[in-house]
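Enquirer: Sharing a structure here in structure tokens format.
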Amino acid sequence: MSDEPQLPRAAGVFVSFVALLRTNGFAVAPEQTTTFLAAIELLGPRSLEAIRQAGLATLAPPPERRATYDRLFDIHFLGSEAVDRAGAEDEEVVRLQEEGRGEDETLFADEAHESGLAAARAEALVERRFVPGATGDVLRKLSREAPARLPRRRGHRRRRARRGPWADLRRTLRESVRNDGEVLRLGRLKRRTRPRKILLLIDVSGSMKGRTDDNMKLAHALSHAAPNVEVFTFGTRLTRVTRALRLKRREQALFAAAHLVSDWDGGTRIGDALQAFLAVPRFGSYARGAAVVIVSDGLERGDPSALRDAVAKLSRRAWRLSWLTPLASGPTFQPQTEALIAIRRFVDDLVDGGSTAAIVSHVLSLGQRKAA
Amino acid sequence: MTVRGNIVGIDSPEALERALRTAYYLADDGLATAAYLALALGKPLLLEGAPGVGKTEAAKAIAAVLGRRLIRLQCYEGIDAAAALYEWNYPRQMLAIRQAGEETIDIYGETFLIERPMLASLRAPDSTVLLIDEIDRADQEFEAFLLEFLSDFQISIPERGTVRAAERPVVVLTSNRTRDLHEALRRRCVYHWIDYPTAEREARIVMMRASSVAEATARAVVAAVGKLRREPLSKAPGIAEAVDWAEAATLLHARGVRWPDAFKRSIGVALKDEEDLTFISGRLDALIAEAAA
């Protein structure tokens, strides 16, 4: 006989639900399980719906995984296997992908290929392998110089300064206490500066194939060199890869990103991808006040007016919008394609993106540039 | 876990839902359950959702139901402890030091302490609801600092010692999800994702909030707003915009403007972005006609 408190048998089914959530990639802390049980006790034996709500409130599945939560709940408490799956969406719609969406694979490992992923396969689903390249020196330069050279903005907090617009009353008081209330020197404060957000949008379509490896490595290096970097890839869809790139080891990070992006080397619908980016308030707000860098050749298959509108909108939100294209490698570059001509007046820089060195040197020069 | 004394008379999510209705807030089952659990378990309530779905309104309604004062801490990038907790009244302290002469004074006494929202709610947990609004705007250091506050409900002031709440205060946090919140923060809270209400519920909200609006108008506005939310707009109309639109159209109609026109001419209270207006202008007639049908 042990003196350890035993879990009431009735609680077993709830605890095993938490276990099921965990095996499907939901992060549930032990204290959340306790709260979940307390919530069920509090609500009393009412209905399954009440238990579902209690789980939602206390186990806090992220909203984008709500559908998976509901499915797991049904499977666990109702024993239902007949589960609806979202069918393939309209091919014309640029889909958004966010990291952490791959969770369905655990649930329906066998069927995944037959349902939702069919559309992705049609888009030339290529699993990408990144090969080590010779861009190491340039990326090391980026890591070394980024903290000092990336753009900064004035923050809200203040710091001590020899001269500044505000009196530092806290420090002045402390010093005056030592001098019997005599103020000998008035401390000053000025605004701190903070690193500006950087939003990197990388074209991974077929026409950029030769650059994609290096661009992704650069994105990884930049993500680690600066604190506020958001990275998206786009081709026929838009994918947020920021979290994957946060992994410290480059091979791991690129491997994770390679699994997320499903439209490597496919077609390009830049306008639609950017529209999709702006239509999600959470994503659109990343651009506000940020240094936005788009690495793309601008070879748009779709209607250039969608691209023009999206770029115009981005440029109004961004602090500075740079478009880096491999086509602009020569000094006498003039935009030729309809799309590039259409967006030209909205971008602040239309410069060379044909080599890692060129992109790094542009990114490092952003700090010296003023908002347009 | 024991049921807290701060929800006397509200013994179920349904009771809370009814009480919220008296405060002119229509909550769905999910929100009522989450809010009830947060109150009963003494945990903070974290509400996430798109702008304009009524997160802040929910906090106000909860405060009204509990009969408490709402203390609002609006977050912004760079918010720090001095803006959230307390600050010393330095000019007054300096004056006091000079006036004291030979006497000893306590310059860290109560009279020199300026209470900020979080300290105020700790010192009066029975009579306030603390709303920490738009936590996603604050930076991560502030979020980390909040974690400590939300787990122990105490604040230490180096010069005076630790202030601990006798009773756990009611805390509501809101986030527009412009960035991912720290997992640890979500864990500490009872969580609810507020979605846009169903058309039926939203029509009821419009009628409740704007009593002059007829039911048919409310339904038409809600249908139109629902369609607008499916368009790729930079700022989708929220519930408040739906209420305003219904009121504005009703007002124009009362001044003699005919129906579809009254909707169309008052679109500016629903869409407040010039680009969005241009984007939708070509289809607006059809959209309103369809919604009013």
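The values are calculated or read from the model by the stated rules, or taken from the named source; none is laboratory data. In this text the structure is predicted, and so the values were computed from the model without any measurement. Heads up, the Cβs are rebuilt from the backbone with ideal geometry, glycines too, and the neighbour counts pull from every protein chain shown. Accessible surface areas use protein heavy atoms only, side chains included; no ligands, DNA or RNA. Shrake-Rupley method; radii C 1.70, N 1.55, O 1.52, S 1.80 Å.
Enquirer: Name the residues in segment B:191-202 that are in contact (Cβ under 8 Å) with a residue 12 or more places away in the chain, open to solvent by 50 Å² or more (accessible area, probe 1.4 Å) and either in a helix (DSSP H, G or I) or within 12 Å of chain A (Cβ to nearest Cβ) (or both), would you?
Expert: Passing the criteria: B:TRP193, B:ASP195, B:ALA199, B:ARG201.
Enquirer: While we're here: Is it true that some residue in segment A:188-203 is farther than 22 Å from A:ALA273 by Cβ, more than 29 Å from the chain's Cα centre (by Cα) and open to solvent by 40 Å² or more (accessible area, probe 1.4 Å)?
Expert: yes
Enquirer: Hey, another quick one. Restricted to segment B:181-190, and to residues that are facing chain A (nearest Cβ under 7 Å) and modelled with pLDDT under 95, which residue is least open to solvent (accessible area, probe 1.4 Å)?
Expert: Among those residues, the one meeting the criterion is B:ARG186.
Enquirer: Of these, B:LEU37, B:LEU16, which one is away from chain A (no Cβ under 11 Å) and under 27 Å from B:ARG177 (Cα atoms)?
Expert: Residue meeting the stated conditions: B:LEU16.
Enquirer: Tally time: how many residues in segment A:40-58 are assigned to a helix (DSSP H, G or I) and among the basic types (Lys, Arg)?
Expert: The number of residues fulfilling the criteria is 1.
Enquirer: Scan segment B:137-173 for residues that are within 13 Å of the chain's Cα centre (by Cα) and either within 14 Å of another protein chain (Cβ to nearest Cβ) or part of a helix (DSSP H, G or I) (or both) and report the count.
Expert: Adding up the residues that qualify gives 2.
Enquirer: Do you know which residues across segment A:6-35 are at the interface with another protein chain (Cβ under 10 Å from one of its Cβ atoms) and closer than 24 Å to B:SER12 by Cα?
Expert: Of all residues in segment A:6-35, those at the interface with another protein chain (Cβ under 10 Å from one of its Cβ atoms) come to A:27-32, A:34-35.
Once the filter is applied, which keeps residues that are at the interface with another protein chain (Cβ under 10 Å from one of its Cβ atoms) and closer than 24 Å to B:SER12 by Cα, segment A:6-35 yields A:GLU31, A:GLN32, A:THR34, A:THR35.
Enquirer: Out of all the residues in segment B:125-142, which are closer than 20 Å to B:LEU39 by Cα and open to solvent by 30 Å² or more (accessible area, probe 1.4 Å)?
Expert: Across segment B:125-142, the qualifying residues are B:ASP126, B:SER127.
Enquirer: Quick test of your reading of the structure: A:ALA273 fulfils all but one of (1) within 23 Å of A:ALA291 (Cα to Cα); (2) touching a helix residue (DSSP H, G or I) at 6+ places or on another chain (Cβ under 8 Å). Name the failing condition by number.
Expert: Single failed check for A:ALA273: (2).
Enquirer: Condition (residue is in a loop (DSSP other than H, G, I, E, B), away from chain B (no Cβ under 11 Å), over 16 Å from A:THR242 (Cβ atoms) and among the β-branched types (Val, Ile, Thr)) applied to segment A:268-278: is it met by at least one residue?
Expert: So far as segment A:268-278 goes, yes, one or more of its residues are in a loop (DSSP other than H, G, I, E, B), away from chain B (no Cβ under 11 Å), over 16 Å from A:THR242 (Cβ atoms) and among the β-branched types (Val, Ile, Thr).
Enquirer: Show me the helices (runs of 4 or more DSSP H) entirely contained within segment B:203-293 in which 3 or more residues are more than 14 Å from every other protein chain (Cβ to nearest Cβ) and among the charged types (D, E, K, R).
Expert: Numbers: elements: B:215-229, B:239-254, B:259-265, B:274-281, B:284-292.
Because the criterion is at least 3 residues that are more than 14 Å from every other protein chain (Cβ to nearest Cβ) and among the charged types (D, E, K, R), the helices (runs of 4 or more DSSP H) in segment B:203-293 that meet it are B:215-229, B:239-254, B:259-265.
Residues are listed down the side, and each one gets a yes or a no for (1) in a helix (DSSP H, G or I); (2) without any contact (Cβ under 8 Å) to a residue 12 or more places away in the chain; (3) surrounded by fewer than 20 Cβ atoms within 10 Å (Cβ to Cβ):
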| site | (1), (2), (3) |
| --- | --- |
| A:MET208 | yes, no, no |
| A:THR212 | yes, no, no |
| A:ASN215 | yes, no, no |
| A:ALA219 | yes, no, no |
| A:HIS224 | yes, no, yes |
| A:PHE232 | no, no, no |
| A:GLN252 | yes, yes, yes |
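Enquirer: Restricting to segment A:317-327, what's the tally of residues that are open to solvent by 10 Å² or more (accessible area, probe 1.4 Å) and over 18 Å from A:ALA276 (Cβ atoms)? Give the derivation first.
Expert: Narrowing segment A:317-327 to residues open to solvent by 10 Å² or more (accessible area, probe 1.4 Å): A:317-320, A:326-327.
Cutting the leftovers down to over 18 Å from A:ALA276 (Cβ atoms) gives us A:319-320, A:326-327.
Summing the residues that are open to solvent by 10 Å² or more (accessible area, probe 1.4 Å) and over 18 Å from A:ALA276 (Cβ atoms) in segment A:317-327 gives 4.
Enquirer: In this structure, does A:LEU238 turn out to be open to solvent by less than 10 Å² (accessible area, probe 1.4 Å) and more than 19 Å from A:ASP272 (Cα to Cα)?
Expert: Details: open to solvent by less than 10 Å² (accessible area, probe 1.4 Å): yes; more than 19 Å from A:ASP272 (Cα to Cα): no.
Against the criterion (open to solvent by less than 10 Å² (accessible area, probe 1.4 Å) and more than 19 Å from A:ASP272 (Cα to Cα)), A:LEU238 does not qualify.
Enquirer: Next up: Tell me which of these A:GLY164 doesn't satisfy, since it passes every other one: (1) without any contact (Cβ under 8 Å) to a residue 40 or more places away in the chain; (2) within 14 Å of chain B (Cβ to nearest Cβ).
Expert: Unmet for A:GLY164, out of (1) without any contact (Cβ under 8 Å) to a residue 40 or more places away in the chain; (2) within 14 Å of chain B (Cβ to nearest Cβ): (2).
Enquirer: Can you tell me which residue is farthest from the other protein chains (Cβ to nearest Cβ) among those in segment A:168-187 that are under 43 Å from the mean Cα position of the chain (by Cα) and open to solvent by less than 40 Å² (accessible area, probe 1.4 Å)?
Expert: A:GLY187
Enquirer: Would you list the strands (runs of 3 or more DSSP E) that sit entirely within segment B:1-96 and hold 3 or more residues that are open to solvent by 40 Å² or more (accessible area, probe 1.4 Å) and out of contact with any Gly (no Cβ under 8 Å at 6 or more places or on another chain)?
Expert: By residue number, B:69-74.
Enquirer: In segment B:143-158, which residues are free of Cβ contacts under 8 Å to residues at least 60 places away in the same chain and either among the charged types (D, E, K, R) or open to solvent by less than 10 Å² (accessible area, probe 1.4 Å) (or both)?
Expert: Selection gives B:GLU143, B:LEU146, B:GLU148, B:PHE149, B:ASP152, B:PHE153.
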